[in-house]
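Participant: My structure is below; once you've seen it, I'll send some questions.
Laboratory data are not the source of any read-out in this text; all were calculated from the coordinates shown. Since this is a predicted model, take the numbers as computed values, not measurements. Neighbour counts run over all protein chains shown; Cβ positions are idealised from the backbone, glycine included.
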């Protein structure tokens, strides 16, 4: 059973993540994003950005590893091996751009058990190193609850 005492906590922020220009280009290519601002520095600068612009879903490249590290912490008690992704939302407060140094703070918003499943809601607040908000992500993660002792699976 996951430890419900984590609900309401903000976990310590991790080390800053440097957004690489090539990482943005690779991600854009992988998802089929052809906008020139995602690939071409000159096009991005002509559009008013200091460097290439990441597609909105790029935030998963650095928030999901942080989430995974938390979920694999035995102190929390999450069964990562049976997890599925239930829902995801991303709100950009400004575009993510090449050269950004971003810090992610995970907030454990909710934990419920229903219908034999644990449902966990995590919110990631992403800010630049000056503390200015860049993005907010929210994930609903689901894992199967352990059958009660003596119950049939």
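Participant: Would you mind calculating the gained length between residue 45 and residue 114 on full extension (0.36 nm times residue separation, minus the Cα-Cα distance), in nm to one decimal? Let's see the in-between values first.
Facilitator: On the way: separation 69, 0.36 × 69 = 24.84 nm, distance 4.93 nm.
Here the segment from residue 45 to residue 114 would lengthen by 19.9 nm.
Participant: What angle do you read, to the nearest 10 degrees and between 0 and 90, between the alpha-carbon axis of helix 60-71 and the longest principal axis of the chain?
Facilitator: It works out to around 20 degrees.
Participant: What do you get for the angle between helix 21-31 and the principal long axis of the chain? Use alpha-carbon atoms, 0 to 90 degrees, nearest ten.
Facilitator: Rounded to the nearest ten degrees, it is 60.
Participant: For residue 105 and residue 138, calculate 0.36 nm times their separation in residues minus their Cα-Cα distance, and state this gained length in nm to one decimal. Before the final figure, lay out each step's value.
Facilitator: Working: separation 33, 0.36 × 33 = 11.88 nm, distance 1.17 nm.
Working it through step by step, the gained length comes to 10.7 nm.
Participant: Testing the spin-label approximation: label points 7 Å from Cα along Cα→Cβ at residue 69 and residue 36. State their distance in nm.
Facilitator: 3.9 nm
Participant: Mean residue ellipticity at 222 nm from the helices of the chain, using -39,500 (n - 2.57) per DSSP H segment of n ≥ 4 over the full residue count, to the nearest 500 deg cm²/dmol?
Facilitator: Counting only the DSSP helices, I get -5500 deg cm²/dmol.
Participant: Fewest Cβ neighbours within 10 Å first, please rank 130, 73, 87 accordingly. Write down the numbers at each step before the final one.
Facilitator: Details: 130 7, 73 14, 87 11.
Ascending number of Cβ neighbours within 10 Å: 130, 87, 73.
Participant: From the square roots a ≥ b ≥ c of the eigenvalues of the alpha-carbon gyration tensor of the range 1-89, which class results: rounded (a/c under 1.5), prolate (a/b over b/c), or oblate? Display every interim value, and only then the final one.
Facilitator: Working: a/c = 3.33, a/b = 2.38, b/c = 1.40.
It comes out prolate by the Cα gyration axes.
Participant: Take the alpha carbon atoms of the range 1-37, find their center, do the same for the range 76-153, and report the distance between the two centers in whole angstrom.
Facilitator: Comparing the Cα centres of the range 1-37 and the range 76-153, I get a distance of 12 Å.
Participant: Can you sort 120, 92, 71 from fewest to most other Cβ atoms within 10 Å of each residue's own Cβ? Please report the intermediate quantities before stating the final value.
Facilitator: Values: 120 24, 92 16, 71 19.
By the 10 Å Cβ count, ascending, the order reads 92, 71, 120.
Participant: Multiply the residue gap between residue 4 and residue 93 by 0.36 nm, knock off their C-alpha separation, and tell me the result in nm, one decimal place. Don't jump to the answer; show the numbers that get you there.
Facilitator: Working: separation 89, 0.36 × 89 = 32.04 nm, distance 3.01 nm.
Contour length minus Cα-Cα distance gives 29.0 nm.
Participant: Using the 10 angstrom Cβ neighbour count as an exposure proxy, how do 76, 62 rank, fewest first?
Facilitator: On the way: 76 17, 62 20.
By the 10 Å Cβ count, ascending: 76, 62.
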